Number of protein chains: 2
Amino acid sequence: MAGQQTRIGVVAPGSRIDAGVADRVVEIAANLYPDGAVALTFHPQCFLSAGHFAGEDAARAAAFLEIANDEGFDALWFARGGYGACRIAEAVIPRLTDAAKNKLYLGYSDAGTLLAGLYKAGFAALAHGPMPGDIVRNGGAAAVERALAYLVERAPQTLEAGLSPDGKAAAFNITILSQLLGTPLQPDLSDHVLLLEEVADYMYRIDRFLFHITSNPGIRKAAGIRLGRCSDIPPNDPDFGQDEEQVVKHWCAVSGIPYLGRADIGHDIDNKVVPFGRIPTA
Amino acid sequence: MAGQQTRIGVVAPGSRIDAGVADRVVEIAANLYPDGAVALTFHPQCFLSAGHFAGEDAARAAAFLEIANDEGFDALWFARGGYGACRIAEAVIPRLTDAAKNKLYLGYSDAGTLLAGLYKAGFAALAHGPMPGDIVRNGGAAAVERALAYLVERAPQTLEAGLSPDGKAAAFNITILSQLLGTPLQPDLSDHVLLLEEVADYMYRIDRFLFHITSNPGIRKAAGIRLGRCSDIPPNDPDFGQDEEQVVKHWCAVSGIPYLGRADIGHDIDNKVVPFGRIPTA
């Protein structure tokens, strides 16, 4: 960090945000740190639009590299999820410099694809947690404030309460983790407690994702699985007959991965911060 | 085969069928082969119901093993897709005997999980093609008749027209292939032309599945990809801006896998038969 100020660059490797989102988050940061302890820069790429994405693949990749490789930023904050990080991951990761390695990266959902690839590449400061886009949720300021408190202060109260200071952890959206297994982005998660969450997918698909995840030999070396919230699950036809915890317990039993209970993460304003690896000593 | 009769056993590792489906398919078989060249046996498990599935995992696994390991059957025909094959695959495959190895297996969609695992296990007679459950489609008799003509006669006109007699092929539903990558079910598909189809999924998810599939080092050894039909795709919000062929071409270009054009397979009555590996010599 430069002096007392944490300089945060925001990019959107997946879906776009509105300028209004950026304005509200800047205002929250100014209120939370009136002494100027934080400087937030939203890369103009965040507001681009190209079909599903915040700009074409090349524009999103270039913006990510600009922020990541700039020594003038202490942290890279993913603007929101949506979809698109996987389309730039393999292109950007080999082009990251030492300036990128010394940065903190914070995001979740679609951003998990890049967090995974960066973890695989040996990056040390990665965390699963709220993003600027969460401001649009009802009560979303709480999520944004939590993220800022982690980005600026590594505030212990922002952390998921079940994390052990003695062990390693990682957190993922269930779909996102499934979709990087068996690719060059899959990190070594041996001995990690995996915190998993999902949103807006059918229970039968969650079941199949859990089959996929728990059948992977690398994942079977995990220390255990903790289940975050699975929200906005559409009705299954016919009724699936099991809820998300029964599903995860089933696949943990089949695979021999210990099931370690629930986790305080999800696509909501209560989503707590989960650093990848060991909890950093502030 | 025993004398002139092909004895086909039907099981449902995923979702259930109604007795009416079985009756209609038996009638079609009797009309197509009035000389008794085919004997169709629907295992009672096909009609069980347990939540999403045609009976509990144990019942589906037992029925699959009963038919597969019975020398009295020449072929195992998957009743329909839906969801559930992955829940029994790793349990049943190690318990298959030589009687199972000498059988023909035909199905698609969810059944592809077992076809993949059997191919990995060295089974020689596996094919992607219509199932009894297709009878409920408008004009579904054509699909069922095609399947029977392959099961009984290996009729060349049932085969997907673009298959090369000199090369190897395999066909999968896109979701199903994605969900077995990096698991013990993933077969060696080096030098195979992969025929891929999808149904009822968002374009952004098809894009992500293609990222996943084409990023896998094993899949990158394929001889090429041919795209079957992608039907009933819900509207993307915002518009994805690319159709399924543009998506597949994109990922083929990124991954270096040759894109070889369209394929005559899909979740419809025109779904042609694709033997795994080389086309069998009748």
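Could you list all residues from the stretch B:1-37 that are away from chain A (no Cβ under 14 Å), of a type outside the set (Gly, Ala, Ser) and open to solvent by less than 20 Å² (accessible area, probe 1.4 Å)? If the condition is that a residue be away from chain A (no Cβ under 14 Å), of a type outside the set (Gly, Ala, Ser) and open to solvent by less than 20 Å² (accessible area, probe 1.4 Å), then B:THR6, B:ILE8, B:VAL10, B:VAL11, B:VAL21, B:VAL25 are the ones that fit.
Let's see how each residue does on (1) of a type outside the set (A, V, I, L, M, F, W, C); (2) more than 9 Å from chain B (Cβ to nearest Cβ); (3) not in a loop (DSSP other than H, G, I, E, B):
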| site | (1), (2), (3) |
| --- | --- |
| A:HIS212 | yes, no, yes |
| A:ARG226 | yes, yes, yes |
| A:ARG229 | yes, yes, yes |
| A:ILE233 | no, yes, no |
| A:PRO238 | yes, no, no |
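Listed by first and then second residue, the pairs linking a residue in the stretch B:53-68 that is closer than 16 Å to B:LEU106 by Cα to a residue that is among the hydrophobic types (A, V, I, L, M, F, W, C) and assigned to a loop (DSSP other than H, G, I, E, B), with Cβ atoms under 7 Å apart and 6 or more places separating them unless they lie on different chains, are B:ILE67/B:PHE73; B:ALA68/B:LEU96. In a residue-by-residue description of the stretch B:110-123, the property of being within 14 Å of chain A (Cβ to nearest Cβ), open to solvent by less than 10 Å² (accessible area, probe 1.4 Å) and β-branched (Val, Ile, Thr) applies to at least one position.
For the stretch A:240-253, the candidate set comprises residues that are in a helix (DSSP H, G or I) and more than 10 Å from chain B (Cβ to nearest Cβ); within that set, the residue that is nearest to B:SER15 (Cα to Cα) is A:VAL247. In the set (1) in contact with a Pro (Cβ under 9 Å, 6 or more places away or on another chain); (2) part of a helix (DSSP H, G or I), A:ASP134 fails one condition alone, (1).
Let's see how each residue does on (1) over 13 Å from B:ALA170 (Cβ atoms); (2) acidic (Asp, Glu):
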residue: B:LEU180; (1), (2): no, no
residue: B:ASP201; (1), (2): yes, yes
residue: B:ILE206; (1), (2): yes, no
residue: B:PRO238; (1), (2): yes, no
residue: B:GLN242; (1), (2): yes, no
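A:LEU115 versus (1) touching a His at 6+ places or on another chain (Cβ under 8 Å); (2) assigned to a loop (DSSP other than H, G, I, E, B): which is the lone unmet condition? Only one criterion in (1) touching a His at 6+ places or on another chain (Cβ under 8 Å); (2) assigned to a loop (DSSP other than H, G, I, E, B) is unmet by A:LEU115, namely (2).
Of the numbered criteria (1) of a type outside the set (Asp, Glu); (2) over 14 Å from the mean Cα position of the chain (by Cα); (3) within 16 Å of B:GLY266 (Cβ to Cβ); (4) outside any helix (DSSP H, G or I), the one B:ALA171 fails is (2).
Which one of B:LEU210, B:LEU163, B:LEU194 is touching a helix residue (DSSP H, G or I) at 6+ places or on another chain (Cβ under 7 Å) and at pLDDT 95 or above? Before you say what the answer is, go through the steps one by one.
Numbers: B:LEU163 fails: touching a helix residue (DSSP H, G or I) at 6+ places or on another chain (Cβ under 7 Å); B:LEU194 fails: touching a helix residue (DSSP H, G or I) at 6+ places or on another chain (Cβ under 7 Å).
Result: B:LEU210 is the single residue among B:LEU210, B:LEU163, B:LEU194 that is touching a helix residue (DSSP H, G or I) at 6+ places or on another chain (Cβ under 7 Å) and at pLDDT 95 or above.
Screening B:TRP251 with (1) touching a Ser or Thr at 6+ places or on another chain (Cβ under 8 Å); (2) open to solvent by 50 Å² or more (accessible area, probe 1.4 Å) gives one miss only, at (2). A residue that is more than 14 Å from the chain's Cα centre (by Cα), at pLDDT below 95, surrounded by fewer than 24 Cβ atoms within 10 Å (Cβ to Cβ) and within 14 Å of chain B (Cβ to nearest Cβ) can be found somewhere in the stretch A:90-100.
Within the stretch B:193-210, can you find the residues that are among the aliphatic types (A, V, I, L, M) and part of a helix (DSSP H, G or I)?
Going through the stretch B:193-210, the residues among the aliphatic types (A, V, I, L, M) turn out to be B:193-196, B:199-200, B:203, B:206, B:210.
Listed by number, the residues that qualify are B:MET203, B:ILE206, B:LEU210.
Listed here are the residues, each with its yes/no results for (1) at pLDDT 95 or above; (2) not hydrophobic (A, V, I, L, M, F, W, C).
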residue	(1), (2)
A:ARG229	yes, yes
A:ILE233	no, no
A:ASN236	no, yes
A:GLY241	no, yes
A:GLN246	yes, yes
A:ALA253	yes, no
A:TYR259	yes, yes
A:ILE265	yes, no
A:LYS272	yes, yes
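Taking into account only those residues within the stretch A:152-178 that are free of Cβ contacts under 8 Å to residues at least 60 places away in the same chain and of a type in the set (Val, Ile, Thr), which is surrounded by the fewest Cβ atoms within 10 Å (Cβ to Cβ)? Selected residue: A:THR175.
Scanning the stretch A:124-151 for residues that are over 24 Å from A:LEU181 (Cβ atoms), open to solvent by less than 10 Å² (accessible area, probe 1.4 Å) and within 14 Å of the chain's Cα centre (by Cα) yields a total of 8. The residue of the stretch B:51-78 that is farthest from the other protein chains (Cβ to nearest Cβ), among those that are small (Gly, Ala, Ser) and surrounded by fewer than 16 Cβ atoms within 10 Å (Cβ to Cβ), is B:GLY72. If you take the residues of the stretch B:166-205 that are away from every other protein chain (no Cβ under 11 Å) and of a type in the set (Val, Ile, Thr), which of them is farthest from A:PHE211 (Cα to Cα)? Of everything passing the filter in the stretch B:166-205, B:VAL193 is farthest from A:PHE211 (Cα to Cα). If you go through the stretch B:46-74 and pick out every residue that is under 11 Å from B:VAL11 (Cβ atoms) and in contact with a Phe, Trp or Tyr (Cβ under 7 Å, 6 or more places away or on another chain), you end up with 2.
The residues of the stretch A:254-270 that are in contact with a Leu (Cβ under 6 Å, 6 or more places away or on another chain) and either within 14 Å of chain B (Cβ to nearest Cβ) or assigned to a loop (DSSP other than H, G, I, E, B) (or both), listed by number, are A:ALA263, A:ILE265. Just one of (1) within 25 Å of A:MET203 (Cα to Cα); (2) under 17 Å from the mean Cα position of the chain (by Cα); (3) crowded, with 23+ Cβ neighbours inside 10 Å fails for B:GLY82. It is (3).
The values are calculated or read from the model by the stated rules, or taken from the named source; none is laboratory data. Bear in mind that the values here come from a model prediction, so they are computed numbers and not experimental data. Glycine gets a Cβ as well: all are built from the backbone with ideal geometry, and neighbour counts include every protein chain shown. For accessibility, only protein heavy atoms count, side chains too; no ligands or nucleic acids. Shrake-Rupley method; radii C 1.70, N 1.55, O 1.52, S 1.80 Å.
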